[in-house]
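Shown next, in structure tokens, is the structure this report addresses.
Readers should treat all values here as calculations from the given coordinates under stated rules, not as data from a laboratory. Please read these numbers as outputs of a predicted model, since none were measured by experiment. Heads up, the Cβs are rebuilt from the backbone with ideal geometry, glycines too, and the neighbour counts pull from every protein chain shown.
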Amino acid sequence: MGRLEGKVAVITGGNSGIGAKAAEMFAREGARVVISARREAQLEEVAAGIRAAGGEVLSVPCDISKPNQCAALVEKTLEKFGTVDILVNNAGVLDGGLEAVEKVSDETIDYLIDINTKGTMYVTRNCAKIMMEKKSGSIVNVASVAGYCGNGGAAYVASKAAVIGLTKNIAMRGAGVNVRCNAVCPGTVVTPMTMNLQKDKLDMDMLSAMNKHADNSLPPCMPDEVANVLLFLASDESSAVTGQVMVVDHGADL
């Protein structure tokens, strides 16, 4: 206990799955937590659970694809807690059909890039200004094994590979001022987002190619398994770790 004592942590996509588990863990470890997501009712449910357990939390509805809402998220964090020490860029979306590059629609490309890539940059831009100025901070990006290995729909892979590249860029920029940035790349995780894929809309050519390059007999990850890695990278226990990409998938993609 107390691994994040006195820290202020912003966690996007904090309404369910990995984000909700991370928020709960961070609060138990002493952080004052700010959670954001588009779905306000779910966000408040998570916040209520954290408060009931004795944690301190602020919930802020936010669509990270909107730059003004990302700026408002950080402004509200500063109004409530005065600073930002930790940022977990967890908010993201999947394409429902795993569309291959020769089939991917403009709508899918825009949707995934706007949220997964541009949204991550918008939130980070606002938090990084604070961290760089005070010369302290940890940014943890939730990318995906898809961005690391290529096993996913073309637009999703591109959106998450960009996050991996951004991670290394931020780490390089922040190394001299004690601002760290790392990426976590989960494999399949049991969350509402992944469990709601519509099987009748899946690109079977892409699914077949993916199945040739992964061991599907291994178990999927649970949200708390990924959240444990986020906690380590957010804490001072990983003070010498920056610019790294950690795959969390039980070895399915080795």
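Remarks
- Of the options (1) 159; (2) 117; (3) 129, only one is volume of the Cα convex hull per residue in Å³ as computed from these coordinates, and that is (2).
- The long axis of helix 223-234 is offset from the longest Cα principal axis of the chain by roughly 50 degrees.
- Counting beta carbons within 10 Å around each of Ser138, Ser217 and listing the fewest first gives the order Ser217, Ser138.
- In the elastic network of the chain, a GNM with C-alpha springs shorter than 10 Å, the most mobile of Asp114, Asp63, Asp236 is Asp236.
- When the alpha-carbon atoms of the stretch 1-106 are used, the pair Rg, Dmax equals 15.1, 51 angstrom.
- Residues whose placed amide H lies under 5 Å from that of Val57, excluding near-sequence neighbours: Val33
- Comparing mean-square fluctuations of Asn116, Asn216, Asn151 from a GNM of the chain with C-alpha springs under 10 Å, the top value falls on Asn216.
- When only the Cβ of Lys, Arg, Asp and Glu is charged (+1, +1, -1, -1), the dipole of the stretch 8-244 relative to its Cα centre reaches about 660 debye.
- Cβ-derived FRET efficiency at R0 22 Å, Asp106 paired with Lys66, nearest 0.05: 0.65
- Ordering Cys149, Met222, Asn169 by the projection of their Cα atoms onto the charge dipole of the chain, which places +1 on the Cβ of Lys and Arg and -1 on the Cβ of Asp and Glu, puts Asn169 at the extreme positive end.
- In the structure shown, the pairs Lys80/Lys160; Lys103/Lys160; Lys135/Lys160; Lys7/Lys66; Lys7/Lys160; Lys129/Lys168 are assessed against 22 Å; a Cα-Cα span above that value is assigned to Lys80/Lys160; Lys135/Lys160; Lys7/Lys66; Lys7/Lys160.
- The angle between the Cα long axis of helix 154-174 and the longest principal axis of the Cα atoms of the chain comes to about 30 degrees, rounded to the nearest 10.
- Gaussian network model of the chain, springs between alpha carbon atoms under 10 Å - residue of Val226, Val157, Val190 with greatest fluctuation: Val190
- Taking a straight line from the alpha carbon of Lys134, these aspartates and glutamates sit under 15 Å away, with near neighbours fewer than eight places off in the same chain left out: Asp85.
- The long axis of helix 120-134 is offset from the longest Cα principal axis of the chain by roughly 30 degrees.
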